[in-house]
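Report on the structure given below.
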Amino acid sequence: MTKQKNDLTQKYSKGTIVIHWVTALLILTLFPLGKYMEDISLSEKMGLIKVHAILGVVVFILTLIRSYLFFKSKRPKDLETGSKFNDTLAVWIHNAFYILLIAISIAGIVTMFTGGYIDALQSGVSDLILSREDLMPLKAHGFLATIMIILLALHVLGVIKHYTLTKENTLKRMS
Ligand code: HEM
């Protein structure tokens, strides 16, 4: 594979950079928190659900702003890796993050309303929360979140692989 010469002085906009890192941090908090909540009792869950939902809605809003910036602000050229397949894969993974984050957030919000979570938080009666088996939106929420975490791992591996092969630190474009 040839050593690439991408222009690393071209950067994403300030807003996109801030949202990228804040979102990354929030996702790395929300995913384990969601998985942890699966296995605890309803009464233990109540406080954590509030935290999870608030942080999740922050991710949702940031993703909507970032989607706007995607079209509105100037973006650096797509990276070239030396492999057409890798170039296309990187672009598709990046695009998939937007779609998945919006879908995960919507499924989470629908779960809150249809799963009795809102009623439980308002009344303080945790038993109003429906069982996971009866909640399709929650199953979709968990499934899409797992796909997103797999893509996140590929995304990080891509950065490392690119650096190993070309010595180009592509993070410069996002910092
Ligand atoms: C966008 C980032 C988010 C990530 C990565 C995420 C991740 C997760 C994961 C992994 C679970 C466990 C799913 C399962 O049981 O299979 C979960 C559960 C849940 N999430 Fe999220 N979530 C996010 C956003 C949201 C939002 C925006 C809301 C609602 C406002 C929300 C509400 C919930 C609820 C109600 C549960 C069920 C908790 C339980 O009863 O065990 N999530 N989340």
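The values are calculated or read from the model by the stated rules, or taken from the named source; none is laboratory data. A quick note: this is a predicted structure, and the numbers were derived from the prediction, not measured. So basically every Cβ, Gly included, is an ideal-geometry build from the backbone, and we count neighbours across all protein chains shown.
Here are a few things to note about the model shown:
- The set of residues from segment 111-153 being in contact with a helix residue (DSSP H, G or I) (Cβ under 6 Å, 6 or more places away or on another chain) and within 28 Å of Leu89 (Cα to Cα) comprises Ala140, His141, Leu144, Ala145, Met148, Ile149, Leu151.
- The one condition from (1) touching a residue at least 24 places away in the same chain (Cβ under 8 Å); (2) away from the ligand (no atom under 16 Å from the Cβ); (3) more than 17 Å from the chain's Cα centre (by Cα) that Gly158 does not meet is (3).
- Helices (runs of 4 or more DSSP H) wholly inside segment 32-143 containing at least 3 residues that are of a type outside the set (D, E, K, R) and within 8 Å of the ligand (Cβ to nearest atom): 42-72, 84-114
- Residue check for Leu171: out of contact with any strand residue (DSSP E or B) (no Cβ under 7 Å at 6 or more places or on another chain), within 12 Å of the ligand (Cβ to nearest atom) and in a helix (DSSP H, G or I): no
- The residues of segment 75-94 that are exposed (fewer than 13 other Cβ atoms within 10 Å of the Cβ) and in contact with a helix residue (DSSP H, G or I) (Cβ under 8 Å, 6 or more places away or on another chain) amount to a single one, Asp78.
- Screening Asp134 on (1) modelled with pLDDT of 95 or more; (2) out of contact with any Leu (no Cβ under 9 Å at 6 or more places or on another chain); (3) among the charged types (D, E, K, R) shows it passes everything except condition (1).
- Condition check for Lys72: over 19 Å from Gly158 (Cβ atoms), surrounded by fewer than 19 Cβ atoms within 10 Å (Cβ to Cβ) and not β-branched (Val, Ile, Thr): yes
- Residues that are among the charged types (D, E, K, R) and either closer than 16 Å to Ala53 by Cα or crowded, with 16+ Cβ neighbours inside 10 Å (or both) within segment 97-138 comprise just one, Asp119.
- In segment 18-57, the qualifying residues are those that are among the basic types (Lys, Arg) and in contact with a helix residue (DSSP H, G or I) (Cβ under 7 Å, 6 or more places away or on another chain), and the one that is farthest from Asp127 (Cα to Cα) is Lys50.
- Residue within segment 48-58 that is closer than 17 Å to Thr16 by Cβ, surrounded by fewer than 16 Cβ atoms within 10 Å (Cβ to Cβ) and out of contact with any Cys (no Cβ under 9 Å at 6 or more places or on another chain) present: yes
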